[in-house]
Amino acid sequence: MPPQSATKLGRYRQLAPRAAIHVSPLTLGAMAFGDKHVSMGLAAMTKETAFELLDAFFDAGGNQIDTANAYQEGNSERVIGEWAEIRGCRDQLVISTKYTLPSALGDTSIKQLEPYLGNNIKSMKLSVESSLKKLRTTYIDILYVHHWDLHSSVEEIMDGLHILVLSGKVLYLGISDSPAWLVVKANDYAKANGKTPFVVYQGAYSVLQRDIEREILPMCRHEGIAIAPFRVVGGGHIRTDAEEERRRTSGEKGRATFGPWERTPDEKKMCDALEVVAEQVGAKHITAVAIAYTMHKAPFVYPIIGGRSVEQLMANIEALDITLTDEQIAFIDGILPFDKGFPNNFIGQYGGYPTPLARYSTFDTQPLLQPVAAAK
């Protein structure tokens, strides 16, 4: 019998059809590891607290850790690198980082940041060299394009990334915050020219923000690309009325990165619905229901979870115990208006048959590949 993990984080899954590395079903997000983003609405996190979260995640069976070159002006990468070196577990981890934003933030000796910006090959080279040093490693498991810079060609991006893969400094490629058409164009170029394609997409996705269901999620399904959604608990706005009152009374408040920390009426409406579902499935935390929701929408989904304490981390891991029915997903989907837009509301949804064709013939639909069900 294989060794038993402390939690279901230790039940590993193949990352994507094109990437056979096996990873924990949830990813630990490290954007908060440091004190340089306070002006953005994030509270400071000491190295000691970050080490506690990393220890708890790893000991629970987690192996995926996500960061970026510019998070906390590089301190996020430094914390992860130091922790992994002390713990002696680097090769047991799947570490992802990103380039595009300046890797030289915080270095007062650098007067011109332009060479460190964007998707171009020089920015790519400088960023990866910096990340390797800060992470105290010789390779990056997954390197993401943090977002398209609206200028670099897919040829330059994919040629440069492929060189990094050939060098052994990078193993797999991902892309974040970019249009679906660009990802398809980049991967078609890569496949046609013997380059390394993107195998994972990272983007904002939650019960409160379903934009990726229009183009990106169907693209990932069709192309066999994994999804690593962030902001899965609505930027910290998924909470109960009791929790919100507690934060208001204590003065703790909450994250204000994307606006006021208190919930809007629509957010409260969604949270009320999540409470209903939580009671139905026996979940203690509505955040766990929200995370589980994203994992039911496609077969290769690895939500990025954060948290400021070990208790919050463990509450999020409860998502791996939750199986939602089609009726429960439809109930959540129906709480807030969401228009998938043209052409989706004309031809229909991916996996079915176009509405215009269905007027003239009857089709038996081939089922789509299903998400991995929660283990019993």
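A few points about this structure:
- Ignoring aspartates and glutamates fewer than eight residues from Lys122 along the same chain, the ones with Cα atoms less than 16 angstrom from its Cα are Glu114, Asp149, Glu155, Glu156, Asp159.
- Cross-link partners of Lys185 among lysines (Cα-Cα below 17 Å; sequence separation of 8 or more within a chain): Lys195
- In this structure, the residue pairs whose Cα-Cα separation is over 30 Å, taken from Lys134/Lys191; Lys297/Lys376; Lys36/Lys253; Lys47/Lys169, are Lys134/Lys191.
- When only the Cβ of Lys, Arg, Asp and Glu is charged (+1, +1, -1, -1), the dipole of segment 1-132 relative to its Cα centre reaches about 500 debye.
- Based on DSSP H segments of at least four residues, each scored -39500 (n - 2.57), the chain has a per-residue ellipticity at 222 nm of -11000 deg cm²/dmol.
- For the chain, the longest site-free run once chymotrypsin sites (Phe, Trp or Tyr not before Pro) in DSSP loop states with at most 11 other Cβ atoms within 10 Å are removed: 1-359
- Sequence-ordered 3J(HN,Hα) estimates for segment 198-209 from the Karplus curve with 6.51, -1.76 and 1.60 and θ = phi - 60° stand at 6, 10, 8, 10, 10, x, 6, 7, 6, 4, 9, 9 Hz, glycine and proline given as x.
- Each principal axis of the chain carries a Cα extent, and these read 62, 56, 49 Å when sorted largest first.
- Note on segment 83-158: dipole from Cβ charges, positive end direction compared against Tyr116, Ser131, Leu150; the farthest Cα belongs to Ser131.
- Selection from Pro197, Phe300, Ala50, by position along the positive dipole direction of the chain (Cβ): Pro197
- Mean sequence separation of contacting Cα pairs (under 8 Å, at least six apart), scaled by the length of segment 101-201, corresponds to a relative contact order of 24 percent.
- Exposure proxy order (Cβ contacts within 10 Å, fewest to most) of Cys271, Cys89: Cys89, Cys271
- Couplings for segment 44-58, taken from phi via the Karplus curve 6.51 cos²θ - 1.76 cosθ + 1.60 with θ = phi - 60°, read 6, 10, 6, 4, 5, 5, 4, 4, 4, 5, 4, 4, 5, 5, 5 Hz in order; Gly and Pro are left as x.
The numbers here are math on the coordinates, done by the rules we state, and not lab data. Keep in mind that this is a model prediction, so the values were computed, not measured. When we count neighbours, we look across all protein chains shown, and the Cβ atoms used for this are built from the backbone with ideal geometry, even at glycine.
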